[in-house]
Amino acid sequence: MKLNLNAACQNLFAEPEYYDNSFTLIGLKDYSKGTRVSPESSLFIGEKKKIHFLARTTDGSFMPYHAGILKTLKRGYLPVVLTDIVVDGAIRYQMEMFAGPVKGAAMDGMEEKDQNNFVNYVRVTMSNTSTRSQNAAVAIDVTQHITTSTATRRPLRLKQEGAFSLVCLDESIVYAAQTEATIRMACEGSMVDCSCELAPEASAVFHLRIPYTPVDSHDLLRPDEDIADCLLEVETYWEQFLGKGTIFEIPDAKAENTLKASIAYTFMTRVRGEIRPGKGFYDLYWTRDAAFINYAMQLFDYKQESVENLRFFWEKSIDKEGGFVSHAGQLDGTGQGLWGLYQYYVLSRDTAWLKEKYNDLKRAADWILKRRITDLPKDDPYYGLLPNSLADGECLWGGEYHIVGYDLWSLRGIKCFYLLAEELGETVDAQHYRREFDTYMQDVMNALDRAGYDYFPPSYEGNGTHWSNIKTIFPFPIVDKHDPRVLATMDRAEQTFVEGVCSWHVTYSYYGQVKPETIHPYMSTYITQTRLALGETSKVIEQFKAMLAHTTSTHGFPEGVYYEHRLAWNDTLPHIYGHATYMILLRRMMIYEEGRDLHLCLGAPPEWLFNGVRIKRVLTEFGYLDMETSVEGQVLRVDLALPQRNVPEHIYFYIPEELAGNRLTLHGEATPLIEGRKVLLPQSGRVVIEIEK
């Protein structure tokens, strides 16, 4: 086969693509396996098999699919990956890739004992867009036993079984192909090509059914069902699943599609309730990630699923003393676990669960207190702090530093526990752990004072990159948001921004200069969330847009980015922790709880409100809320159904700054603004706000 690496190739999709290693994912909810789609549109099936595609050019050679070919998602967000190209201005190749269950299996992996196998579908349409006949073909190359240095191709053979051609390795079916009558199939080594002569404007279609694990009988591949029906089943399932959560419609296609894709990715990587932050990478449980991901699920009203997740906090991470230690050395896990479980309670108000788990939560709080170093002189630099330890987030792997963020997370965990104790009326415990929190916080502040810091550094020794030190306010405040140290920390972190997002993994030279090596889009949300709490809307919107700009054409978030090369490090796409932080930020920009207060549209881009927002069944810490905006003539109208479960102390709505001086009515009566652009609303019920444009 003659290869043509320089064929003219035009993308018919125009979705922006930031990355040169743009991976995406197809799979099923809660299945243990999933298929990664590579930058070259190859299917990575497990660790040892790759299905790659090549398209025939007008001179009879073959162009391998490459990273320059854009991938998009069907309807903008469904886990159906599409490509659409024209080669040499003459032959159009359209491809659809999606995953469905094998015969007799469920769409949802929660219902089965073992869901290790499923079907990868690929449907290819070849069309002649020229005025003369063309020989169109797509070749399918199977590579097995992939390592960093070798790729083995073993000979395949064709076998006919009814309407299907079976492509076999020994006695196992690697994939089954079904073609139109005009298409010829030929096998040579590990390569099979499907070709046909096309008259002008003519088309031909074939499709593949590729089991994740090779099968002995093609009956598992559902040969009696048309591929269109299989696709419809998948689309219907995901639409219904996405529709059962919060309705969150905003007039920004990229932002809304990224939200929906984030939810689908989250449940494709979860395994029967066990949260995992990446398919094929990070395919393990981390308490830290699980706390954020479970919170994101709850915010969009996947309440049943959030309950399913809870048992893994204990099954996968609890140690013999009661701490949440999913991975050794990560001393922040227990604080993050306590915060995540606190968030579960305040959103659900599941008192029966809290009573059942109260003693376990108390053990976790005690785990933190036992690890504080209090047998040193009180003027010792590290008195009252957690011991030195490795810190992957701060990029301090040697274990010789004392990590500020570990103490901040532990403080948050203690605070969350004493608030839970108050909820249950456990007054003695609540008072005890509140005193412990105050003492611990004072020890942290004393250590910072002794070291001469007017901000929160990554470590008390000053080394490391920003990470948990910027989480003083988000996701739950442990110091006053106006504290000078908070503001100084945010300013310092923003000075490292590249392309609008945080840098990460800095190198400290002997001259004290800092050189950013990578950027970290989802870490920026920790800063953006603090700016949101401070009411700095323009910064929030600017940073939100910068985060979105660092997604793939299929709306995947990375972990970190080598920005000079447009590469997500270690191919970590899509990274579910990143998706969770996006979901949380987007929701809080519209609906943000702060203690006993509820803030509405604090970080909303004005154009969203003007062009129409529709939010239904959004779960808040006070119950469910609905919101809809519309413009009628020269009036911006906001309809609200406020939560009524446990009534907030204050509810504020924030109008766009450009309307701050305009006439505003609440239920038809003129109403004043407070502090520039916020309106104090009734505490519950239905509310109508009208603002003249």
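Where a number appears in this text, it was derived from the coordinates with a stated rule and is not lab data. In this text the structure is predicted, and so the values were computed from the model without any measurement. Cβ atoms come from the backbone with ideal geometry, glycine included; neighbour counts cover every protein chain shown.
Put a dot 7 Å past the Cα of Arg566, heading toward its Cβ, do the same for Arg154, and the two dots end up 3.8 nm apart.
How big is the chain by the Kirkwood estimate over distinct Cα pairs, in Å? Show your work: numbers first, answer last.
Details: mean 1/r = 0.0366 Å⁻¹.
Answer for the chain: a Kirkwood hydrodynamic radius of 27.3 Å.
For Ser459, Ser410, the sequence from fewest to most other C-beta atoms within 10 Å is Ser459, Ser410. Let me know the charge dipole size of the range 606-692 about its Cα centre in debye, to the nearest 20, where only the beta-carbon of Lys, Arg (+1) and Asp, Glu (-1) is charged. Result for the range 606-692 is approximately 300 debye, rounded to the nearest 20.
With a sphere of radius 12 Å drawn around the Cβ of Leu411, what net charge do the other residues whose Cβ falls strictly inside it have (Lys, Arg +1; Asp, Glu -1)? Counting the neighbours of Leu411, the net charge comes to 0. Every Cα-Cα pair of the range 9-239 was included, and the share exceeding 33 Å stands at 12 percent.
For Cα pairs less than 8 Å apart in space and 6+ apart in sequence, what is the mean separation divided by the residue count of the range 9-239, i.e. the relative contact order in percent? Before the final figure, lay out the partial values.
Numbers: 550 pairs, mean separation 44.3, N = 231.
Once normalised by length, the contact order is 19 percent.
Pairs exceeding a 21 Å alpha-carbon distance, out of Lys415/Lys471; Lys74/Lys159; Lys471/Lys539; Lys415/Lys678; Lys29/Lys74: Lys74/Lys159; Lys415/Lys678. For the range 425-448 and the range 356-394, what is the centre-to-centre distance using only Cα atoms, to the nearest Å? Comparing the Cα centres of the range 425-448 and the range 356-394, I get a distance of 12 Å. Residue-wise HN-Hα couplings along the range 188-204, as the Karplus relation 6.51 cos²θ - 1.76 cosθ + 1.60 with θ = phi - 60° gives them from phi, are 9, x, 8, 10, 10, 10, 10, 10, 6, 8, 10, 6, x, 6, 7, 9, 8 Hz; Gly and Pro carry x.
One Cα centroid belongs to the range 46-60, the other to the range 186-228; the line between them spans 13 Å. Secondary structure note: in the chain, about 95% of the DSSP beta bridges are antiparallel. With bins 10 Å wide beginning at 0, the percent of Cα pairs of the range 328-461 falling in each bin runs 13, 42, 31, 13, 1. Taking every DSSP helix (H) stretch of at least 4 residues in the chain, weighting each as -39,500 (n - 2.57) and dividing the sum by the residue count yields a mean residue ellipticity at 222 nm of -9500 deg cm²/dmol. Each of Phe653, Gln343, Ala451 was placed along the dipole of the chain (beta-carbon charges, centred on the mean Cα), and the one lying farthest toward the positive end is Gln343. Exposure proxy shown here: for Glu180, Glu436, the number of other Cβ atoms within 10 Å sets the order, fewest to most, as Glu180, Glu436. Taken along its principal axes, the alpha carbon cloud of the range 606-692 reaches lengths of 34, 25, 21 Å, longest axis first.
Quick one: which of 387-394, 438-445 comes out on top by average Cβ neighbours within 10 Å, and what's the full order, highest first?
387-394, 438-445
Positive end of the dipole of the range 348-416 (Cβ unit charges, origin at the Cα centre): among Leu376, Asn359, Gly413, the Cα lying farthest that way belongs to Asn359. The range 272-320 and the range 627-644 have Cα centres spaced 35 Å apart.
The Rg/Rh ratio for the range 539-693 is 1.05, where Rg is the radius of gyration of the alpha carbons and Rh is the Kirkwood radius.
The mean sequence separation of alpha-carbon pairs under 8 Å and at least six residues apart, normalised by the residue count of the chain, gives a relative contact order of 11 percent.
The dipole here belongs to the chain: it is taken about the Cα centre, uses +1 on the Cβ of Lys and Arg and -1 on the Cβ of Asp and Glu, and is about 520 debye.
Kirkwood hydrodynamic radius for the range 443-493: how many Å is it when counted over pairs of different Cα atoms?
Values: mean 1/r = 0.0901 Å⁻¹.
About 11.1 Å for the range 443-493.
Over all other residues within a Cβ to Cβ distance under 12 Å of Ala328, the charged ones net out to -2, with Lys and Arg as +1 and Asp and Glu as -1. When you restrict to C-alpha pairs under 8 Å that are six or more residues apart and normalise by the size of the range 606-692, the relative contact order lands at 29 percent.
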